[in-house]
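Undergrad: One structure coming up, written as structure tokens, with questions to follow.
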Amino acid sequence: MSRLCLILFGSPGSGKGTQAKFLRQTLEVAHISTGDMLRARVESGDSLGREVAGLMQAGSLVPDATVNRLVEDRIEQADCEHGFILDGYPRTVDQARLLKGLLESKQVNPLVVHLKVDYNVIVARLSGRRLCPTCGALYSVTSASPAAAEVCDYDGSKLMVREDDREEVVLERLRAYERQTAPVLDYFRGVGYPFLEIDGDGQPQAIAGQIAKFVEGREKIGNAKV
Ligand SMILES: [Zn+2]
């Protein structure tokens, strides 16, 4: 049976991480988040890990070729036997090109899912998040609101907005995503990868169900071809 590579795209706040967690269970594949992968490699303390640690400490971007080497190693691990979900990667067209070569050499079948959420919804979602500076509890003014407005349920501390969730910062993160990622999506469309665009503003479990259906449908087509 062929291995699956599900490339999950979505802006900050689109619920990509939540979807990856649902789909990892439904599809029985590994979830590879770039951030987690980099941290794990740094912790391993091997030579590549030390190289990455140095770059991160200097505030430099990890070069595309290095990220790809990490991904190449990561997908050889046992939990990727049936396939894997890529979350936060590839981020640039160069990374996407390198990934395409890698997948071809390993005979892995790629599928692309784009979780689309209106930016106004994202700004409302993220700027509605509140953090307790004392215990770290997270709240949302819309869904998981504290019992008393702007006060932590556990310790009564006044809640705050994280720097990353301030409206101006959210808008800048969305602009950066648009600049970097729109060309990657065009690239994958251009090379003919199966592509699903899905409305990410809905019940997370229902969205995961739609994505799983798409994946299972494509796998049937793929197997019929062989
Ligand atoms: Zn608290």
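Undergrad: Please go through the stretch 177-191 and give me each residue that is among the hydrophobic types (A, V, I, L, M, F, W, C) and open to solvent by 30 Å² or more (accessible area, probe 1.4 Å), ordered by number.
TA: Of everything in the stretch 177-191, those that are among the hydrophobic types (A, V, I, L, M, F, W, C) and open to solvent by 30 Å² or more (accessible area, probe 1.4 Å) turn out to be Ala182, Val191.
Undergrad: Among what's in the stretch 145-171 and is more than 23 Å from the chain's Cα centre (by Cα), open to solvent by 70 Å² or more (accessible area, probe 1.4 Å) and not acidic (Asp, Glu), pick the residue that is farthest from the ligand (Cβ to nearest atom).
TA: Ala149
Undergrad: Considering only the stretch 192-200, I want to know if a residue exists there that is loosely packed, with under 13 Cβ neighbours inside 10 Å, more than 16 Å from the ligand (Cβ to nearest atom), over 22 Å from Ala20 (Cβ atoms) and small (Gly, Ala, Ser).
TA: Taking every residue of the stretch 192-200 in turn, at least one turns out to be loosely packed, with under 13 Cβ neighbours inside 10 Å, more than 16 Å from the ligand (Cβ to nearest atom), over 22 Å from Ala20 (Cβ atoms) and small (Gly, Ala, Ser).
Undergrad: Continuing with the same structure: Considering each residue of the stretch 80-100, count those that are charged (D, E, K, R), part of a helix (DSSP H, G or I) and open to solvent by less than 80 Å² (accessible area, probe 1.4 Å), and give that number.
TA: Total meeting the criteria: 1.
Undergrad: Continuing with this model, one more query. Given (1) closer than 21 Å to Gly10 by Cα; (2) touching a residue at least 24 places away in the same chain (Cβ under 8 Å), identify the lone condition not met by Ser140.
TA: (2)
Undergrad: Would you pick out the residues in the stretch 2-26 that are out of contact with any strand residue (DSSP E or B) (no Cβ under 7 Å at 6 or more places or on another chain), open to solvent by 10 Å² or more (accessible area, probe 1.4 Å) and assigned to a loop (DSSP other than H, G, I, E, B)?
TA: Pro12, Gly13
Undergrad: Restricting to the stretch 100-137, name every residue that is within 25 Å of Gly15 (Cα to Cα) and free of Cβ contacts under 8 Å to residues at least 40 places away in the same chain.
TA: Asn120, Ala124, Gly128, Arg129, Arg130, Leu131, Cys132, Pro133, Cys135, Gly136, Ala137
Undergrad: Moving on to the next point. With respect to Asn109, determine if the residue is part of a strand (DSSP E or B) and either closer than 30 Å to Ala212 by Cβ or within 16 Å of the ligand (Cβ to nearest atom) (or both). Give the derivation first.
TA: On the way: part of a strand (DSSP E or B): yes; either closer than 30 Å to Ala212 by Cβ or within 16 Å of the ligand (Cβ to nearest atom) (or both): yes.
Spelling it out, Asn109 is indeed part of a strand (DSSP E or B) and either closer than 30 Å to Ala212 by Cβ or within 16 Å of the ligand (Cβ to nearest atom) (or both).
Undergrad: State the number of residues belonging to the stretch 201-219 that are without any contact (Cβ under 8 Å) to a residue 12 or more places away in the chain and surrounded by 16 or more Cβ atoms within 10 Å (Cβ to Cβ).
TA: Selection size over the stretch 201-219: 0.
Undergrad: Among what's in the stretch 131-144 and is open to solvent by less than 60 Å² (accessible area, probe 1.4 Å) and out of contact with any Gly (no Cβ under 8 Å at 6 or more places or on another chain), pick the residue that is farthest from the ligand (Cβ to nearest atom).
TA: Out of the qualifying residues, it is Ala144.
Undergrad: Out of everything in the stretch 112-130 that is away from the ligand (no atom under 16 Å from the Cβ) and more than 17 Å from Ala182 (Cβ to Cβ), what residue ends up being surrounded by the fewest Cβ atoms within 10 Å (Cβ to Cβ)?
TA: Asn120
Undergrad: Where residues in the stretch 37-71 are open to solvent by 80 Å² or more (accessible area, probe 1.4 Å), of a type outside the set (A, V, I, L, M) and within 19 Å of the chain's Cα centre (by Cα), which of them is nearest to Arg3 (Cα to Cα)? Steps first, please.
TA: To start, the set of residues in the stretch 37-71 that are open to solvent by 80 Å² or more (accessible area, probe 1.4 Å) comprises 39, 43, 47, 50-51, 56-57, 61, 69.
Next cut, of a type outside the set (A, V, I, L, M) only: 39, 43, 47, 50-51, 57, 69.
Next cut, within 19 Å of the chain's Cα centre (by Cα) only: 39, 69.
Numbers: Arg39: 25, Arg69: 19 Å.
Filtering the stretch 37-71 for residues that are open to solvent by 80 Å² or more (accessible area, probe 1.4 Å), of a type outside the set (A, V, I, L, M) and within 19 Å of the chain's Cα centre (by Cα), the one nearest to Arg3 (Cα to Cα) comes out as Arg69.
Undergrad: May I ask you to verify whether Gly209 is out of contact with any His (no Cβ under 7 Å at 6 or more places or on another chain) and either in a strand (DSSP E or B) or at positive phi (or both)?
TA: Working: out of contact with any His (no Cβ under 7 Å at 6 or more places or on another chain): yes; either in a strand (DSSP E or B) or at positive phi (or both): no.
So Gly209 fails the test.
Undergrad: Another question, then. Which one of these is among the aliphatic types (A, V, I, L, M) and within 27 Å of Lys220 (Cα to Cα): Leu27, Leu55, Leu61, Leu48?
TA: Leu27
The values are calculated or read from the model by the stated rules, or taken from the named source; none is laboratory data. The structure displayed is predicted, hence computed values, not measured ones. A quick note on method: Cβ atoms are made from the backbone with ideal geometry, for glycine too, and the neighbour counts reach across all protein chains shown. Heavy atoms of the whole protein, side chains included, go into the accessibility calculation; ligands, DNA and RNA do not. Shrake-Rupley method; radii C 1.70, N 1.55, O 1.52, S 1.80 Å.
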